[in-house]
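Colleague: Take a look at the following structure, please.
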Amino acid sequence: PSPPTPIPSSPPQDIRNTVGNIPMEWYQDFPHIGYNLDGKKIYKPIRNKDELDMFLEKMENPDYWRTVQDKMTGADIKLTDEQVELVQRLQKGQFGDVHFNPYEPAVDFFTHEVMIHPVTNRPADKRSFIPSLIEKEKVSKLVHAIKMGWIKPRKPKDDTPTYYDLWAHEDPNSILGRHKMHVPAPKMKLPGHEESYNPPPEYLLSEEEKLAWEQQEPAERKLNFVPQQHRCLRAVPAYPRFIHERFERCLDLYLCPRQRKMRVNVDPEDLIPKLPKPRDLQPFPTTQALIYRGHTSLVRCLSVSPSGQWLVSGSDDCTVRFWEVSSARCMKTLPVGGVVKSVAWNPNPTICLVAICVEQSVLLVNPSLGDKLLYGATDQLLESYVAPEEERVQPVQWVTASMEEHSKGVRLVIQHSKAVKQVTWHGKGDYFASVVSDNSNMQVLIHQTSKRWSQNPFRKSKGLVQCVLFHPIRPYFFVATQRYVRIYNLLKQELTKKLMTNCKWVSSMAIHPGGDNIICGSYDSKLAWFDLDLSTRPYQLLRHHKKALRSVAFHKHYPLFASGSDDGTVIVCHGMVYNDLLQNPLLVPVKVLKGHAITLDLGVLDVLFHPT
Amino acid sequence: RRLCILKGIYPHEPKHKKKVNKGSTAPRTFYLLKDIKFLLHEPIVNKFREYKVFVRKLRKAYGKSEWSTVDRLKDNKPTYKLDHIVKERYPTFVDALRDLDDALSMCFLFSTFPRTGKCHVQTIQLCRRLTVEFLNYIIASRSLRKVFLSIKGIYYQAEVLGQPVTWITPYAFAHDHPTDVDYRVMATFTEFYTTLLGFINFRLYHSLNLVYPPKIDGQADVELKPTDGKEYAMDSESYLEKLSALSASLARVVAPAHEDEVEMDEFPVEGETAEQMDMRKKEQEALEKHKKLFEGLRFFLNREVPREPLAFIIRCFGGQVSWDKSLCIGATYDVNDPSITHHIIDRPQVERQVVGRYYLQPQWVFDSVNAKLCLPVADYFPGVLLPPHLSPFVTEQEGDYIPPEKLKLLALQRGENPDEESEEEEEEEEEEDDDNDKEEEEDDNDKEEEEDEDESEKEEEMKLKKMEEQKTQSNKGLPVKVTAGKLRLEDKQRLEQEQQSEEKRLAIMMMKKREKYLYKKIMFGKKRKVREANKLAAKRKAHDTAVKEEKKKSKKARRA
């Protein structure tokens, strides 16, 4: 074997520039490379060839292919034949030296034949006779690891098939309680006609509908796609939201709270309560019979004489008119010089007297209608008053009417300190109560006509009194404030009951002739029916009207009551009260009377049943 | 999250939201405490933990570039199985079938994903395999019932062991993958669904006495595919190649049925009247007939027709199907085969027609399946404006809007055939029209003719409308319109009606608040339904008149 000849280190004269073996980029921008011994610059050969020159040279120079640029000096060098050959050999992957033979026969260092003598005469090492400590350590480590269970034998590949009959033996015991509680996810909604690729034309959205669809929130849309029509199956494109929809379904499946909802599956007809037919509950008013014309402004209040022959009405045009009920004839007009808030005919048939609220006073008027004996007796009754010896302090002033007033029919004037809202008679016809719009304890006053004497029953104010009422039989007195109705016993002079109306603002109140039931109308369009024997809460709260109730009224004999409201309707209801205490009253609406014109947002201001 | 998905744990809506949520009503999700405890006992939690550790170790080894460790770790990659969870969630097979809808839809979607990115290739392949197996089962058991081409995809409904199973497949286009979708969630679902579907497939195949990894029985139908010498076995050398071949060939080749068709024995159930028996028998017969809808027909699919769904459907109903050999392997006969009866084509015109076969658009197949009878082919010739494709999933109740096409279809199913007569009439009259000279007369005739044509439709429509009107009237309590003439009688009726309606109104007034609310809600819903139906009907009418106008105009133009 011949040792490779050492390659002679490149002699110093081989370097043909003076700068040494430095990166040539440093001189890139200079015209020279290095300096000569005299300190003069050694200039690079001039290279101002452009592409065209290069090309021309390439075409013309036959040795162009073997010309290379020396990076050290920048000069062009033409390679010699030997050099070219060397380059070609190297390019082919052959050895540079032509004479080098890479396939010389190999000579083994050791022969494969067993020799009788050892190659070396060196005696065997000691370590070749004793076990290796390092290996022992390694093995013991492994053994320890195996003992401790750190190294586990390789798991055998389990050969069980991926799929097998999972439900081979279904045992009913495996159905856990969980499965009974399980709420299965609802299935996807099945597509309707509108989802078809070629739906019937009516399912396609028109322009406006499409616009509306686009403006809706995606969650609000009824369809989550726009129905489209394609002429043939070939023209159907991919649905761009397919992955979205699957993803949303996935989210629904694992994020959406589930709840069992009981679907109400009732026939709406069954919900309507079975009530007796109104036809079976007759009589009740059904048609409009008469219109009393004459007032020029709102008619605020009505009252019918106990005989049922006469009607008195008070109005905003500062007059009180007396009518004959049956003929709608205006018998008398009484100008009172103020807005009439309330009128009340004395319920005693032997007395012909009307109480009228005008501003701050209550007028007692003898209309002088009907039986002459009757109204003459009334006048006599009023005149038979004898003033008591000692003057008592009264909250109001009783004034006898002047002559001209007397000629009009006014008999007595009771002057209050504030405006009077309401006046109501006791059943006997001697006492009457008036309500003053005031905040003090002077709101309610009870007057006695025969003695011309007034008293203030309450020491303390319990809120704004809306209306008051005498019990028809027993000595009870009802006072309705905004939210409660209080019942006072006049004999014992104490509060017996307080009824919660469950309304915001009571407007009116009426009592059943039997005396055990009260209805209360309120401005929040509710009508509360109280059964006094039952409880202090309403037995029933009727929400029939759409607007505020103005007045309520009971019929004297028939089981009827009516309510008038601002929505221009009067609802007549059948309200049967049974003598049997165990049976609750039966309330059935029987008729809605319409036809009242609504002026200034006011509809029906007062309702009343004829007494007979 | 993954556990919740796999175990099927879902939040619950508490009964008293305020009580649970410490007084606030802010929207929060509530899980049952029991459910969460149940999750903690799951053995798969440990497996997940192991897997996490494995991933961590592997990353470390990669970081240190200890390749031997990497190899060792990869060898010992922990695996987990979801079998017990499937069993636990669906203790009986029927339970599993009931929940198959989502699983199928998901697998079909995943099987169309591209092989790159988004999710593992193995998952996609597995999905593909499972879905193909399932389709094969449906073909073998002939349990497909309804198909529907929607703009979203193709809906199929099959009846597997008495359970309706519905799934949707997307059209065969590349998906544009949305960015706001969490593919990991979907992948977790798919993981569970593939397991479920695999077991279900196994069970279904065994219920039909088929070999489960499905094999194509070469000997059984040699005459069917004489050229097809290939036979596939599940465990031969290159899995991927085979799977792709499977997808193509299995769609048309039934795995061998070892069991002959057994005649249904009749078990008269006690307490069942003869009528019910008859009804059942009739239904059974109809079903059998439906199953053999395409029996004996030979289809050829042109290359622009979606091959897989059509081949699947046709084979499901007993037809034979083939396609161009260059399109996909497994074509059984050539275009020029004279025995082809139907040629499905989706082009405006046919360049080379062969006598003795119908050239039809693909919708014919779908519509026929849904109608349970082979529809008249005239409407489905290539280039013809197709009749609307209706959803078979809609069952109209009383008062719903029914499109006139559906009415026609129902009439056809009943066995009447008003269509052809009217067509003939139309043609005749058209001829007559041609003879006529005066244009005015023509117009009149046109009208008449068209009216004749639509008579059946219109009658039905009118009936429908009348019903609707009656309904609205009864609902709204509207007074009946009074026509001049017998004033007396009408008045009486009207009075009566008014009285009744007033009674009703009064009664409604007396209802309790809660009941009134409910009543109003129900009535509102009903009214809305009627309104919608009326709107649709009006739209249809407008459209029809517009079409008629157009027709008339074009006719006039033609004449002139």
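The values are calculated or read from the model by the stated rules, or taken from the named source; none is laboratory data. Everything numeric here is computed off the predicted structure, so don't read it as measured data. Cβ sites come from the backbone with ideal geometry, for glycine too, and all protein chains shown count toward neighbours. Calculation scope for accessible area: heavy atoms of the full protein, side chains included, ligands and nucleic acids excluded. Shrake-Rupley method; radii C 1.70, N 1.55, O 1.52, S 1.80 Å.
Colleague: Please count how many residues of the range A:422-477 are of a type in the set (A, V, I, L, M, F, W, C) and in a loop (DSSP other than H, G, I, E, B). It would help to see each step written out before you state the result.
Modeller: Looking only at the range A:422-477, we keep the residues that are of a type in the set (A, V, I, L, M, F, W, C), and these are A:423, A:425, A:432-433, A:435-436, A:442, A:444-446, A:453, A:458, A:464-465, A:467-470, A:473, A:477.
Retained after the next criterion (residues that are in a loop (DSSP other than H, G, I, E, B)): A:442, A:458, A:464, A:473.
So the count comes out to 4.
To keep it simple, each residue is scored yes or no on (1) of a type in the set (A, V, I, L, M); (2) in the same structural domain as A:MET509 (by the TED database); (3) out of contact with any His (no Cβ under 8 Å at 6 or more places or on another chain).
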| residue | (1), (2), (3) |
| --- | --- |
| A:LEU527 | yes, yes, no |
| A:ARG537 | no, yes, yes |
| A:GLN540 | no, yes, yes |
| A:HIS557 | no, yes, yes |
| A:PHE561 | no, yes, no |
| A:THR569 | no, yes, no |
| A:MET576 | yes, yes, yes |
| A:ASP580 | no, yes, yes |
| A:HIS596 | no, yes, yes |
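Colleague: Go through the range B:385-409 residue by residue and tally those that are within 22 Å of B:PRO309 (Cβ to Cβ) and either more than 10 Å from every other protein chain (Cβ to nearest Cβ) or assigned to a strand (DSSP E or B) (or both). Outline the logic, then answer.
Modeller: Our first condition is that a residue be within 22 Å of B:PRO309 (Cβ to Cβ); within the range B:385-409, this holds for B:386-394, B:409.
Of the ones still in play, those that are also either more than 10 Å from every other protein chain (Cβ to nearest Cβ) or assigned to a strand (DSSP E or B) (or both) are B:409.
The total comes to 1.
Colleague: Can you name every residue in the range B:539-560 that is facing another protein chain (nearest Cβ under 10 Å) and over 13 Å from B:PRO403 (Cβ atoms)? Break it down into steps so the answer makes sense when it comes.
Modeller: First, the residues of the range B:539-560 that are facing another protein chain (nearest Cβ under 10 Å): B:539-544, B:546-547.
B:ALA542, B:ALA546, B:VAL547 - these are the residues of the range B:539-560 that are facing another protein chain (nearest Cβ under 10 Å) and over 13 Å from B:PRO403 (Cβ atoms).
Colleague: For the range A:296-309, state whether one or more residues are within 14 Å of another protein chain (Cβ to nearest Cβ) and assigned to a loop (DSSP other than H, G, I, E, B).
Modeller: No: the range A:296-309 contains no residue that is within 14 Å of another protein chain (Cβ to nearest Cβ) and assigned to a loop (DSSP other than H, G, I, E, B).
Colleague: If you check A:GLN216, A:GLN228, which single one turns out to be within 19 Å of B:SER150 (Cα to Cα) and either within 14 Å of chain B (Cβ to nearest Cβ) or under 32 Å from the mean Cα position of the chain (by Cα) (or both)?
Modeller: A:GLN228
Colleague: Yes or no: B:SER68 small (Gly, Ala, Ser) and more than 10 Å from every other protein chain (Cβ to nearest Cβ)?
Modeller: On the way: small (Gly, Ala, Ser): yes; more than 10 Å from every other protein chain (Cβ to nearest Cβ): yes.
Judged against the criteria, B:SER68 is a match.
Colleague: Please enumerate the residues belonging to the range A:241-271 that are modelled with pLDDT under 75 and in a helix (DSSP H, G or I).
Modeller: Correct list: A:PRO268, A:GLU269, A:ASP270, A:LEU271.
Colleague: State which residue is modelled with the highest pLDDT when the search covers only the range A:11-58 and only residues that are part of a helix (DSSP H, G or I) and open to solvent by less than 100 Å² (accessible area, probe 1.4 Å). If you could, list the steps in order and put the result at the bottom.
Modeller: Narrowing the range A:11-58 to residues part of a helix (DSSP H, G or I): A:12-14, A:24-27, A:51-58.
So of that shortlist, the ones also open to solvent by less than 100 Å² (accessible area, probe 1.4 Å) come out as A:14, A:24, A:27, A:53-54, A:56-57.
Numbers: A:ASP14: 47, A:MET24: 78, A:TYR27: 80, A:ASP53: 83, A:MET54: 82, A:LEU56: 86, A:GLU57: 83.
My answer is A:LEU56.
Colleague: Considering only residues that are touching a residue at least 60 places away in the same chain (Cβ under 8 Å) and facing chain A (nearest Cβ under 7 Å), which ones fall in the range B:148-176?
Modeller: Matches in the range B:148-176: B:PHE148, B:LEU149, B:SER150, B:TYR155, B:THR166, B:PRO170, B:TYR171, B:HIS175.
Colleague: Continuing with this model, one more query. Which ones in the range B:169-190 are assigned to a loop (DSSP other than H, G, I, E, B) and either open to solvent by less than 50 Å² (accessible area, probe 1.4 Å) or out of contact with any Asp or Glu (no Cβ under 9 Å at 6 or more places or on another chain) (or both)?
Modeller: Taking the range B:169-190 first, the residues assigned to a loop (DSSP other than H, G, I, E, B) are B:170-182.
Those that are assigned to a loop (DSSP other than H, G, I, E, B) and either open to solvent by less than 50 Å² (accessible area, probe 1.4 Å) or out of contact with any Asp or Glu (no Cβ under 9 Å at 6 or more places or on another chain) (or both): B:PRO170, B:TYR171, B:PHE173, B:ALA174, B:HIS175, B:ASP176, B:HIS177, B:PRO178, B:THR179, B:ASP180, B:VAL181, B:ASP182.
Colleague: How many residues are touching a Leu at 6+ places or on another chain (Cβ under 7 Å), at the interface with chain B (Cβ under 7 Å from one of its Cβ atoms) and in a helix (DSSP H, G or I) if we restrict to the range A:181-202?
Modeller: 2
Colleague: Go through (1) under 30 Å from A:MET262 (Cα atoms); (2) without any contact (Cβ under 8 Å) to a residue 12 or more places away in the chain; (3) outside any helix (DSSP H, G or I) for B:SER65 and report which single condition fails.
Modeller: (1)
Colleague: Can you tell me which of A:ASN441, A:ASN456 is touching a Lys or Arg at 6+ places or on another chain (Cβ under 6 Å), in the same structural domain as A:VAL339 (by the TED database) and polar (S, T, N, Q)? Steps first, answer last, please.
Modeller: Working: A:ASN456 fails: touching a Lys or Arg at 6+ places or on another chain (Cβ under 6 Å).
Checking each option against the conditions leaves just A:ASN441.
Colleague: Can you name every residue in the range B:4-55 that is closer than 21 Å to B:LYS81 by Cα, of a type in the set (A, V, I, L, M) and within 10 Å of chain A (Cβ to nearest Cβ)?
Modeller: If the condition is that a residue be closer than 21 Å to B:LYS81 by Cα, of a type in the set (A, V, I, L, M) and within 10 Å of chain A (Cβ to nearest Cβ), then B:ILE5, B:LEU6, B:ILE9 are the ones that fit.
Colleague: Could you tell me which residue of the range B:71-87 is surrounded by the most Cβ atoms within 10 Å (Cβ to Cβ), considering only residues that are facing another protein chain (nearest Cβ under 8 Å) and within 30 Å of the chain's Cα centre (by Cα)?
Modeller: B:VAL86
Colleague: Scanning the range A:534-549 for residues that are touching a residue at least 40 places away in the same chain (Cβ under 8 Å) and open to solvent by 50 Å² or more (accessible area, probe 1.4 Å), which turns out nearest to the other protein chains (Cβ to nearest Cβ)? Can you show your working first?
Modeller: To start, the set of residues in the range A:534-549 that are touching a residue at least 40 places away in the same chain (Cβ under 8 Å) comprises A:534, A:539-540, A:542, A:544, A:547-549.
From the residues that got through so far, the ones that are open to solvent by 50 Å² or more (accessible area, probe 1.4 Å) too are A:534, A:539-540, A:547.
Working: A:LEU534: 18, A:TYR539: 14, A:GLN540: 9, A:LYS547: 15 Å.
The extreme case among them is A:GLN540.
Colleague: Further, regarding this structure: With the checklist (1) under 19 Å from A:PHE609 (Cα atoms); (2) of a type in the set (Gly, Ala, Ser); (3) open to solvent by less than 50 Å² (accessible area, probe 1.4 Å) in hand, flag the one item A:GLY338 doesn't pass.
Modeller: (1)
Colleague: Given (1) over 20 Å from the mean Cα position of the chain (by Cα); (2) more than 10 Å from chain A (Cβ to nearest Cβ), identify the lone condition not met by B:VAL185.
Modeller: Checking B:VAL185 against (1) over 20 Å from the mean Cα position of the chain (by Cα); (2) more than 10 Å from chain A (Cβ to nearest Cβ), the one that fails is (2).
Colleague: Same structure again: Is it the case that B:LYS512 is at the interface with chain A (Cβ under 9 Å from one of its Cβ atoms), in contact with a Pro (Cβ under 9 Å, 6 or more places away or on another chain) and open to solvent by 100 Å² or more (accessible area, probe 1.4 Å)?
Modeller: Numbers: at the interface with chain A (Cβ under 9 Å from one of its Cβ atoms): yes; in contact with a Pro (Cβ under 9 Å, 6 or more places away or on another chain): yes; open to solvent by 100 Å² or more (accessible area, probe 1.4 Å): yes.
Taking the combined requirement at face value, the residue satisfies it.
Listed here are the residues, each with its yes/no results for (1) in a strand (DSSP E or B); (2) out of contact with any helix residue (DSSP H, G or I) (no Cβ under 6 Å at 6 or more places or on another chain); (3) of a type in the set (Phe, Trp, Tyr); (4) surrounded by 17 or more Cβ atoms within 10 Å (Cβ to Cβ).
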residue: A:VAL479; (1), (2), (3), (4): yes, yes, no, yes
residue: A:TYR488; (1), (2), (3), (4): yes, yes, yes, yes
residue: A:LEU495; (1), (2), (3), (4): yes, yes, no, no
residue: A:LYS498; (1), (2), (3), (4): yes, yes, no, no
residue: A:MET509; (1), (2), (3), (4): yes, yes, no, yes
residue: A:GLY514; (1), (2), (3), (4): no, yes, no, no
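Colleague: Please go through (1) more than 14 Å from every other protein chain (Cβ to nearest Cβ); (2) under 17 Å from the mean Cα position of the chain (by Cα); (3) open to solvent by 40 Å² or more (accessible area, probe 1.4 Å) for B:ARG115 and return the number of the only condition it doesn't satisfy.
Modeller: With respect to (1) more than 14 Å from every other protein chain (Cβ to nearest Cβ); (2) under 17 Å from the mean Cα position of the chain (by Cα); (3) open to solvent by 40 Å² or more (accessible area, probe 1.4 Å), B:ARG115 is out only on (2).
Colleague: Still on this structure, please answer the following. Quick one: how many residues across the range A:101-119 are open to solvent by less than 100 Å² (accessible area, probe 1.4 Å) and modelled with pLDDT of 80 or more?
Modeller: The total comes to 3.
Colleague: Going through A:LYS462, A:LYS451 one at a time, which residue ends up being within 49 Å of the chain's Cα centre (by Cα) and on the phi < 0 side of the Ramachandran plot? Can you show your working first?
Modeller: Numbers: A:LYS451 fails: within 49 Å of the chain's Cα centre (by Cα).
Every option except A:LYS462 fails the conditions.
Colleague: Right, next: Of (1) aliphatic (A, V, I, L, M); (2) exposed (fewer than 15 other Cβ atoms within 10 Å of the Cβ); (3) in the same structural domain as B:SER207 (by the TED database), B:ALA103 satisfies all except one. Which?
Modeller: Going through the list (1) aliphatic (A, V, I, L, M); (2) exposed (fewer than 15 other Cβ atoms within 10 Å of the Cβ); (3) in the same structural domain as B:SER207 (by the TED database), B:ALA103 breaks only (2).
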